[in-house]
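Report on one structure; see the data block that follows.
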Amino acid sequence: MNAPLTLAHYMTLAGILFLIGIFGALTRRNISGILMSIELMFNAANINLAAFDRFLHPEGVTGQALALFVMTVAAAEIVVGLALLLAIYRGTDTVYAEDFNLLKG
Amino acid sequence: MIEHAYLIPLIPFAASLIMMFGAKEDPHSPAPWIGIGAMAICLGMSLSILNAVAGGTVPLPYEHNWQWFSFAASIGGKSFLYDMPIGVLIDGPAALTLVVVTLVSLMVQIYSIAYMHEDARYKRYFAFVSFFTASMLGLVVSSNILVGFMSWELMGLSSYLLIGFWFEKDGPTEAQKKAFMTTKLGDSGLYLALLFIFAKVGSFQITQIHQFINQGYMTTTVATVIAIGILFGAMGKSAQFPLFIWLPDAMEGPTPGSALIHAATMVAAGIFVVARLYFVFLAAPDAMLAAAWIGCITAFMAAAMALVSYDIKRVLAFSTVSQLGFMMCALGVGGYTAGLFHLTTHAFFKALLFLGAGSVIHSVHTNDMRLMGGLSKKMPVTFLTMGAAILAIAGIPFTSGYYSKDMILANIYHANQPIFWIMLGTALMTAFYMSRLFILTFWGDDRDHEKHHHAHESPFLMTGPLVLLAFLALVSGFMLDRKGLVYSLLAKPTITAPQAPAAAEAHPAEAKPAEAHPAEAKPAEHAAVAVPVEHAAPATEAPAEAHAAAASHEGGEAEHHEGHLPHWLHLALPFLVLGSIGLAFFLYKGPKYAVADGLKANLAPVFRLLDRRWFLDDAFDLLVVLCDKVAALAFWIDANVVDRVFVDGWGLLMRIVAEVSNLLDALFVDRTVDGFGGLSLDLGVGLRALVKDGQVQEYLMYAAIAFSLAATLILTR
């Protein structure tokens with residue numbers, strides 16, 4: 001059990017996390033749940049960035065820095081998403097994604 | 001003077017242009033004197049040339065050429081510039097013909113001053129006459145047969161203009177069209193012959209064509225084809241059987257114009273061209289024989305028609321045709337000298353006859369001889385001069401016609417016996433119908449008192465030319481025949497064709513001494529000349545050759561052998577002619593000529609045949625009608641067979657093919673295209689059915705599926 005953590009472990013973790021995020025984004029009815037699942041996928045990507053940086057280019061911190069930027073942008077995105085959610089809820093009294101089909105052509 | 005011979009056609013040409021475009025139309029216009037002056041200058045030049053030629057002071061033939069035009073040509077891959085020369089070629093016949101043409105034209109023009117004085121188109125007539133003469137002179141002097149042909153065609157145009165001079169009437173317009181088309185029919189043959197010559201020889205120069213034949217490059221077949229073509233042209237122009245139908249109708253023109261056509265220009269041109277290219281005929285014995293027979297048939301038929309006609313100009317026209325037949329026949333049997341000699345003498349007495357007839361018509365205002373009679377008292381000068389012409393054409397001894405016709409008959413006698421007897425009969429017929437004309441017109445008492453009362457002698461401008469021509473008609477034969485002048489002047493051209501050696505081999509004994517010992521040539525020549533008679537083969541190369549060779553050495557006595565009849569015939573001929581004249585006198589002397597009428601009643605079918613001109617006009621009419629019917633049939637075939645079957649049928653076939661093609665297109669091609677379109681439409685509709693109600697998570701799911709599929713494909717590659 002003392003085997004060292006390899007890149008594969010991190011990638012497996014990130015893959016599982018991404019799939020969980022996909023599953024959540026596809027199955028959750030609540031829009032806030034979908035937004036959370038999207039956050040999970042962001043995080044999976046961030047883990048990948050950090051892991052690749054740590055194992056493939058150990059002399060720099062480019063990957064970690066990029067992960068930090070992604071978090072920042074994700075925070076901003078979630079702010080916009082929650083603002084939209086609030087606006088939708090106020091307008092239609094519901095937060096379920098299946099009730100919104102205004103974009104259907 | 002001979003170096004300025006090129007001016008001879010150019011001066012009258014310029015004069016005609018000046019008269020046509022420079023002068024105002026006026027019945028008293030002085031413009032005709034321009035043409036007369038020009039012609040007088042030409043006559044002077046021609047006389048000086050003839051003098052030089054006859055005197056032997058210029059080397060013959062005189063030829064001078066100028067650059068005319070050049071064109072790029074290529075033969076066998078080699079390209080070069082072909083230079084076409086233009087020039088003059090004067091030999092004995094040309095010099096003599098120049099004098100004849102200019103003299104007759106001058107006489108005609110002077111005469112016309114008086115004859116045409118009341119005509120509305122006075123100066124135009126003289127412009128036409130000058131133009132006509134200029135064309136003829138161009139043909140005579142030209143060294144280039146192409147230029148000759150141009151002049152020939154210009155002559156056709158001029159004759160058209162002159163015959164139809166009084167175009168207000170129907171007769172002249174019909175006659176001019178007939179003359180033009182008939183001669184054009186003949187011209188087509190000459191044109192083909194010229195093309196053939198150029199294709200074979202590569203030159204239009206007469207001397208070069210002669211050399212080409214001399215060097216034996218021209219086979220007999222080619223020469224025959226060319227000679228027949230030339231003969232065809234001459235048949236049209238010189239009114240030979242069966243194309244002589246235009247000449248009697250050409251009498252619709254002004255009478256002096258007829259004199260010009262009949263004596264100096266138009267009809268002489270055909271004979272002259274045959275003589276000019278005589279070496280081609282020498283190389284083609286078959287064509288010579290054809291010419292002889294055509295001449296013979298023409299002479300006989302025309303003379304027969306002249307026997308029954310009562311129109312004074314028609315009789316003269318038939319007589320011209322008949323005399324031209326004599327000339328053609330003479331050329332055909334190898335009597336080159338005789339033919340051209342007769343052309344010369346005939347020009348004088350025929351011009352005289354026409355001008356005399358014009359004088360009579362001018363006086364009594366009719367062409368019908370039955371309304372004349374007894375004019376000798378009223379018109380003594382015309383009577384006497386016409387009498388001279390009648391004597392000449394009938395062949396009374398020591399007149400010009402006697403010498404030339406005698407020589408023709410002698411040539412024919414030695415070449416072809418059957419033709420000779422026909423021609424002898426024709427010569428007697430000539431004497432008969434000419435005396436008949438003379439007696440009906442001038443002899444006895446008047447038949448139509450009204451006309452006779454108004455008849456008067458013509459003015460001096462008309463009788464002057466008559467007197468001069470009468471003098472020439474009487475003495476020109478004697479002048480030319482004296483000291484063999486005609487033989488040196490009108491020397492027969494020779495060719496040294498490949499046949500010649502064969503001929504020399506055939507008669508080595510005769511031919512060689514003739515050349516070696518001129519003094520002994522006479523017996524040798526007899527033997528050589530006797531050959532064609534024995535074999536009854538006319539105008540074969542051999543005797544002509546041997547004969548010419550001997551002639552060039554002797555230049556005198558023996559050469560004239562062919563020009564003499566057997567002694568008894570020579571003596572008998574004048575008596576036969578006198579008998580013929582006597583018969584005419586007996587038949588037509590009274591005012592009623594009852595004997596002749598009785599004869600006419602008894603021989604009605606013959607007279608009818610001759611009156612209708614051997615039905616040749618009807619034959620040509622029939623030919624035209626037949627051609628019309630054939631054309632109609634051809635048109636019917638075109639409209640009903642070609643158009644229906646081929647054009648329409650082809651169209652129908654095309655339509656069927658197109659329909660089938662259209663069907664196949666609709667069935668297969670269009671279906672395929674439509675099928676693909678429909679398929680993609682169906683696909684799109686089917687795929688759209690998968691998504692419902694714009695659920696964003698569904699879209700996301702498809703995107704995820706697609707993305708993962710793509711990723712799988714890329715990663716597992």
Sorted by accessible area with a 1.4 angstrom probe, largest first, how do A:ASP93, B:ASP249 fall?
A:ASP93, B:ASP249
Compute the accessible area of each residue in the range A:1-26 twice, once for its chain alone and once with every protein chain present, using a 1.4 Å probe on heavy atoms, and list those whose area falls by at least 50 Å².
A:LEU26
Express in Å², to the nearest 10, the accessible area of A:ASP53 obtained by rolling a 1.4 Å probe over the protein heavy atoms while all chains stay in place.
10
Separation of alpha-carbon centers, the range B:309-359 and the range B:124-158, rounded to whole Å:
20
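If the limit is 29 Å between Cα atoms, which of B:LYS200/B:LYS237; B:LYS184/B:LYS313; B:LYS377/B:LYS405; B:LYS177/B:LYS589; B:LYS177/B:LYS313; B:LYS313/B:LYS378 go over it? Could you put the intermediate results ahead of the total?
Details: B:LYS200/B:LYS237 25 Å; B:LYS184/B:LYS313 24 Å; B:LYS377/B:LYS405 31 Å; B:LYS177/B:LYS589 39 Å; B:LYS177/B:LYS313 19 Å; B:LYS313/B:LYS378 20 Å.
The answer is B:LYS377/B:LYS405; B:LYS177/B:LYS589.
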Once B:PHE478 and B:GLU174 are pulled to full extension, the length gained, defined as 0.36 nm per residue separation minus their Cα-Cα distance, is 105.3 nm
Check: the protein assembly as shown dipole with +1 on Lys, Arg Cβ and -1 on Asp, Glu Cβ, in debye
1080
So for the range B:1-113, using the alpha carbon gyration tensor with a ≥ b ≥ c as root eigenvalues (a/c under 1.5 gives rounded; past that, a/b versus b/c decides prolate or oblate), I'd call it oblate
Carbon plus sulfur, as percent of the 1.4 Å-probe accessible area of the range B:348-453, comes to 66
At R0 = 41 Å, FRET efficiency that the Cβ-Cβ distance of B:MET181 and B:ARG644 yields, to 0.05:
0.75
Find the accessible area per residue for the range B:616-709; the probe is 1.4 Å, ligands and nucleic acids are left out, and the unit is Å².
82
Could you name every residue in the range A:62-101 that has 10 Å² or more less accessible surface in the full protein assembly than in its own chain alone (probe 1.4 Å, ligands and nucleic acids excluded)?
A:ALA97, A:GLU98, A:PHE100, A:ASN101
When every protein chain stays in place and a 1.4 Å probe is rolled, B:LEU81, B:LEU715, B:LEU60, B:LEU573 sorted by accessible area with the largest first are B:LEU715, B:LEU81, B:LEU60, B:LEU573
Estimated FRET transfer efficiency (B:PHE71, B:PHE167; beta-carbon r; R0 35 Å; 0.05):
0.35
Mind giving me the nanometre distance, one decimal, between the label points for B:PHE398 and B:MET20, set 7 Å out from Cα along Cα→Cβ?
4.7
Residues hit by the 30 Å² burial cutoff in the range B:674-717, accessible area with a 1.4 Å probe, assembly against chain on its own, are B:ASP693, B:GLY694, B:GLN695, B:GLN697, B:LEU700
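Between chains B and A, what is the buried accessible area summed over both chains (1.4 Å probe, protein heavy atoms, nearest 100 Å²)?
Counting both chains, the buried surface is close to 800 Å².
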Given unit charges at Cβ for Lys, Arg (+) and Asp, Glu (-), the dipole magnitude of chain B about its Cα centre in debye, nearest 20, is 1020
Just to verify a number: FRET efficiency for B:PHE607 and B:ASP445, C-beta to C-beta distance, R0 = 30 Å, to 0.05?
0.75
For B:HIS365, B:HIS117, the accessible-area ranking with a 1.4 Å probe, largest leading, is B:HIS365, B:HIS117
At 7 Å along the Cα-to-beta-carbon direction for both A:THR12 and B:GLU63, put a label point, then send me their distance in nm to one decimal.
12.2
When a/c is below 1.5 the answer is rounded, else prolate if a/b is larger than b/c, else oblate, so apply that to the protein assembly as shown with a ≥ b ≥ c taken from the square roots of the Cα gyration tensor eigenvalues.
prolate
Mind giving me the nanometre distance, one decimal, between the label points for B:HIS4 and A:THR72, set 7 Å out from Cα along Cα→Cβ?
12.2
Cβ-placed point charges (K, R +1; D, E -1), dipole of the range A:7-93 about Cα centre in debye, nearest 20:
240
Would you mind classifying the range B:224-283 by shape? Square roots of the alpha carbon gyration tensor eigenvalues, ordered a ≥ b ≥ c; an a/c under 1.5 is rounded, otherwise it is prolate if a/b is larger than b/c and oblate if not.
oblate
Okay, helix-only estimate at 222 nm for chain B: each DSSP H run of n ≥ 4 adds -39500 (n - 2.57), divide by all residues, round to 500 deg cm²/dmol; what do you get?
-23500 deg cm²/dmol
Do the sum for chain A: with -39,500 (n - 2.57) for every DSSP H run of n ≥ 4, divided by all residues, what is the mean residue ellipticity at 222 nm, to the nearest 500 deg cm²/dmol?
-26500 deg cm²/dmol
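Within the accessible area of the range B:616-709, what % is carbon and sulfur when the probe is 1.4 Å and the other protein chains stay in place?
74
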Solvent-accessible heavy-atom area per residue, rounded to whole Å², over the range B:364-410 at 1.4 Å
30
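The values are calculated or read from the model by the stated rules, or taken from the named source; none is laboratory data. Remember, it's a predicted structure, so these values are computed and weren't measured experimentally. Every residue, glycine as well, gets a Cβ built from its backbone with ideal geometry; the counts of neighbours run over all protein chains shown. Just the protein is used for accessible areas: all its heavy atoms, side chains included, with ligands, DNA and RNA removed. Shrake-Rupley method; radii C 1.70, N 1.55, O 1.52, S 1.80 Å.
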